Amino acid sequence: MYILTNPKKTVLYTGVTNDLKRRVREHIKDRGSSAHFAEKYFCHKLIYFEIFQHVEDAIRREKEIKNFSRSKKVELIKSKNPQFLFYKM
């Protein structure tokens, strides 16, 4: 489960994948495309992730986080990444 943002850190996107490096590369490659939310809003900067053994747990967590308010998402991100730094992939 991961959270991406855009370069200005104004948009948050939450997703699930079994290969984080590959998925972030796909977001980078497709940025600016109007086909999907993350690409449309240039969300390709990784700022948060959690690892799960079972995909069902990751999906459950993704749904939980998607229901958070923006301020609660920011609080979650800052709990592990206080300065909102971009992870290098």
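A short reminder: the numbers here are calculations on the coordinates, not readings from a lab. Since we're looking at a predicted model, the values are computed, not measured. Please note: Cβ atoms are built from the backbone with ideal geometry, for glycine as well, and neighbour counts cover all protein chains shown.
Quick notes on this one:
- Taking each of 29/72; 9/88; 40/72; 45/72; 9/66; 8/63 in turn, the alpha-carbon distance tops 21 angstrom for 29/72; 40/72; 8/63.
- Potential lengthening between residue 21 and residue 84 on full extension [0.36 nm per residue; Cα-Cα distance subtracted]: 20.8 nm
- Take the Cα of residue 40, go 7 Å toward its beta carbon, and none of the backbone nitrogen atoms of segment 50-64 fall under 14 Å from that spot.
- Residue among 76, 46, 12 with the largest mean-square fluctuation in a Gaussian network model of the chain, springs linking Cα atoms under 10 Å: 76
- Amide H contacts under 5 Å for residue 42, placed H, 5+ residues apart: 32
- With the largest listed first and rounded to whole Å, the semi-axes of the equivalent ellipsoid of the chain from the Cα gyration tensor are 18, 16, 13.
- Per residue, the chain reaches -12500 deg cm²/dmol at 222 nm when only DSSP H runs of four or more residues are counted, each adding -39500 (n - 2.57).
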